[in-house]
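The structure appears right after this line, and notes come after that.
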Amino acid sequence: MKQILTSLFLFCILSIFAQNSDMPIIQSYDYALPENNVSPIAIGMGGLNVTYAGDFYSSYSNPALIGNNNSSVLMGSFRIKSDDPITFAEAAQFSNILKPKQLKYFSLLAKQTAWTYQPVASIHIVETPETGYGYRYYDYKLDKVQATLAGSDDSWLPISVGLNLKYLTGRLVYLESTNPNSFIDDKLNGFSTDLGFTIQTGSFTSGLAAYDIFSRLYWEHYNSEVIQSRIALGIQYETDNFNLNLGVQGKISQSTDTTYHLGGQYIWTWGSQNYSTESVSKSLALRAGLYSHNFYGTQNINYTIGGGYNFNIFRIDFSLNNKGMKLKDSELLMSLGVGMP
């Protein structure tokens, strides 16, 4: 009887320890990085957009930007990159690593609302440990469903505010074959919020967005975690066909890894008659930008270019993001969209 009670006591202690221990393998939750932006329009203009409302993916960058939207668009973006292998050390250090090829973002924009699905993180690795014996298996997925609400007020100056409400769900499976006790199979659920604000004065628009300011990820058997909060500020100068954007983004209440962004685009718009009855609207956009932590040397600067073409209700956009002008290492982000009635 005494042995049974002792065993039960030890089991309870181990259970409590498991419930309150830190989650191994994943060291950080930091997803609102410039290179993770889902919009080829934002990437093409320097990796950040908190002021340009013509970006149909702007609910990701700044939910306030859809405060005056009257369009309905169904769209999806895709990340394309060479299949470079991801090491276990990289996956453990950067929880935001995504698969090189995958659906990046899927969204329905309708008036001042947007509904979104995004695979935030997806990693699958089978790696031989440093000892050379056995293997390590690592599989981590995190998905997000997001609702965006926004509104505007022109009684003083054109002001817009917006809110993102996110539900996150994921799973981690890990095993080191030479150590069966290392096996982990755990699930998580969580929530997060973004807030956005814009104000327009003449040809200038100023914007602010705070990402993941209220968040919590709940693991089944480990401590709950928060997502790293970030804040972005920007200002835009805009004419009928041209806009120039300046922005800055960094962490909230932690050591900074601030990035500085510069970019712009020029749009050509024209119309033509189709079968002498219907007017066909077309537009062509060219974009360019850059961003960096300190702009010290070419290797520390990300250069971005992009473009887009719109034909009535159909649109296609793309962007290239590369560091140090190494085109062979560029990441391509493609987008397809169709207008809805």
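Laid out as a table, the results:
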read-out: Positive dipole terminus of the range 115-266, leading residue within Tyr218, Tyr167, Ile125 (C-beta point charges); value: Tyr218
read-out: J(HN,Hα) series, the range 295-312, from Karplus relation 6.51 cos²θ - 1.76 cosθ + 1.60, nearest Hz, glycine and proline x; value: 6, 9, x, 4, 5, 9, 10, 8, 9, 10, 9, x, x, x, 9, 10, 10, 6
read-out: Using θ = phi - 60° and Karplus 6.51 cos²θ - 1.76 cosθ + 1.60, couplings along the range 135-141 (whole Hz; Gly, Pro as x); value: 7, 10, 10, 9, 9, 9, 9
read-out: Neighbourhood net charge (14 Å Cβ-Cβ; Lys/Arg +1, Asp/Glu -1) for Leu208; value: 0
read-out: Rounded to whole Hz, the Karplus (6.51, -1.76, 1.60) HN-Hα couplings of the range 188-200, x for glycine and proline; value: 9, 9, x, 9, 7, 9, 10, 10, x, 8, 9, 9, 10
read-out: Calculated diffusion of the range 28-339, Stokes-Einstein form, Kirkwood radius summed over Cα pairs, 10 °C and 1.306 mPa s, µm²/s; value: 77 µm²/s
read-out: Magnitude of the charge dipole, the range 28-339, Cβ model with Lys/Arg +1 and Asp/Glu -1, debye to 20; value: 400 debye
read-out: Exceeding the 22 Å Cα-Cα cut-off - candidates Lys282/Lys323; Lys111/Lys166; Lys251/Lys328; Lys166/Lys251; value: Lys282/Lys323; Lys251/Lys328
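A short reminder: the numbers here are calculations on the coordinates, not readings from a lab. Everything quoted here is computed from the prediction, not taken from an experiment. Cβ atoms come from the backbone with ideal geometry, glycine included; neighbour counts cover every protein chain shown.
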